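Note sheet for the following structure.
The values are calculated or read from the model by the stated rules, or taken from the named source; none is laboratory data. Worth saying up front: this structure is predicted, and the values here are computed from it rather than measured. Positions of Cβ are backbone-derived with ideal geometry, glycine not excepted, and every protein chain shown enters the neighbour counts.
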Amino acid sequence: MSSDSDQKAITQYTSEAEASNNGLFRPTEVPAGLADPRFFKNIVPAGVHVDLGPVASFLQITADNQHSGVGHAFDMGGEFAVSKGVFAYNSWDTLKSEKNTIFLEARNEVLIITFSLHSTPTIPEAMYAVVVEQLQDFPKAVGHFNWN
């Protein structure tokens, strides 16, 4: 479960400059609900590393609370640089209990990754979002992800 300091780290910055200087993004810059504790109990800053390949792209996510995992997805589009975003989830034990299906989408320079145990993005176990400058929109890419 996230601590009060984790929650403050996400929400305390009120200006773009403050957020950028601290490596965080304001919740208004990511999809509505992602940083809302009514939807996810745990909200932490996290980084993602993406290696784009000719067929599959490989992803590694590391949250500031030391949770991490690796996975792959198909049809992610072109090159892009990624910085720190927001990782939101409810139960860590549930999330890592089995391989996750991931759904990736880029809209309006926001990369959104939805994690599901039920092979459908409508029942998410977790979400990750990050603002990526000059990111080209791409339709949903699908893959798999395993948490350590």
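Are any residues in segment 81-100 surrounded by fewer than 12 Cβ atoms within 10 Å (Cβ to Cβ) and aliphatic (A, V, I, L, M), and if so, which ones? Scanning segment 81-100 gives a single hit, ALA81. Of the residues making up segment 131-148, those that are of a type in the set (S, T, N, Q) and either part of a strand (DSSP E or B) or more than 19 Å from VAL55 (Cα to Cα) (or both) are GLN134, ASN146, ASN148. Within segment 83-99, residues that are under 13 Å from HIS118 (Cα atoms) sit with their Cβ atoms under 9 Å from residues that are among the aliphatic types (A, V, I, L, M), at 6+ positions apart or across chains, in these pairs: THR94/LEU117; LEU95/LEU117; LEU95/ALA126; SER97/LEU117; GLU98/LEU117; LYS99/LEU117. Can you tell me which residue in segment 113-131 is nearest to the chain's Cα centre (by Cα), limited to those that are of a type in the set (A, V, I, L, M, F, W, C) and within 19 Å of ALA56 (Cβ to Cβ)? It comes out as ILE113. Pick from VAL86, VAL50: which is at pLDDT 80 or above and more than 20 Å from ASN146 (Cβ to Cβ)? So the residue among VAL86, VAL50 that is at pLDDT 80 or above and more than 20 Å from ASN146 (Cβ to Cβ) is VAL86.
Quick check, is PHE103 buried (at least 19 other Cβ atoms within 10 Å of the Cβ) and touching a Lys or Arg at 6+ places or on another chain (Cβ under 6 Å)? Judged against the criteria, PHE103 is a match.
Do we have any residue at all in segment 32-42 that's surrounded by 12 or more Cβ atoms within 10 Å (Cβ to Cβ), at pLDDT below 85 and in a strand (DSSP E or B)? Checked segment 32-42: no residue is surrounded by 12 or more Cβ atoms within 10 Å (Cβ to Cβ), at pLDDT below 85 and in a strand (DSSP E or B).
Is there a residue being touching a Ser or Thr at 6+ places or on another chain (Cβ under 8 Å), closer than 17 Å to ASN42 by Cα, of a type in the set (S, T, N, Q) and part of a strand (DSSP E or B) anywhere in segment 110-130? Looking through segment 110-130, at least one residue is touching a Ser or Thr at 6+ places or on another chain (Cβ under 8 Å), closer than 17 Å to ASN42 by Cα, of a type in the set (S, T, N, Q) and part of a strand (DSSP E or B).
Per the conditions (1) more than 12 Å from the chain's Cα centre (by Cα); (2) surrounded by fewer than 20 Cβ atoms within 10 Å (Cβ to Cβ); (3) touching a residue at least 40 places away in the same chain (Cβ under 8 Å), the sole criterion not satisfied by SER68 is (1). Which pairs have Cβ atoms under 6 Å, sit 6 or more apart or on different chains, and link a residue in segment 135-148 that is among the small types (Gly, Ala, Ser) to one that is surrounded by 11 or more Cβ atoms within 10 Å (Cβ to Cβ) and not in a strand (DSSP E or B)? Matching pairs, first to second residue: ALA141/ASP75; ALA141/MET76.
Quick check on segment 50-65: of everything there that is more than 16 Å from TRP92 (Cβ to Cβ) and within 15 Å of the chain's Cα centre (by Cα), which residue is surrounded by the most Cβ atoms within 10 Å (Cβ to Cβ)?
Taking segment 50-65 first, the residues more than 16 Å from TRP92 (Cβ to Cβ) are 50-60.
Retained after the next criterion (residues that are within 15 Å of the chain's Cα centre (by Cα)): 50, 58-60.
On the way: VAL50: 19, PHE58: 15, LEU59: 23, GLN60: 14.
Ranking the candidates gives LEU59 first.
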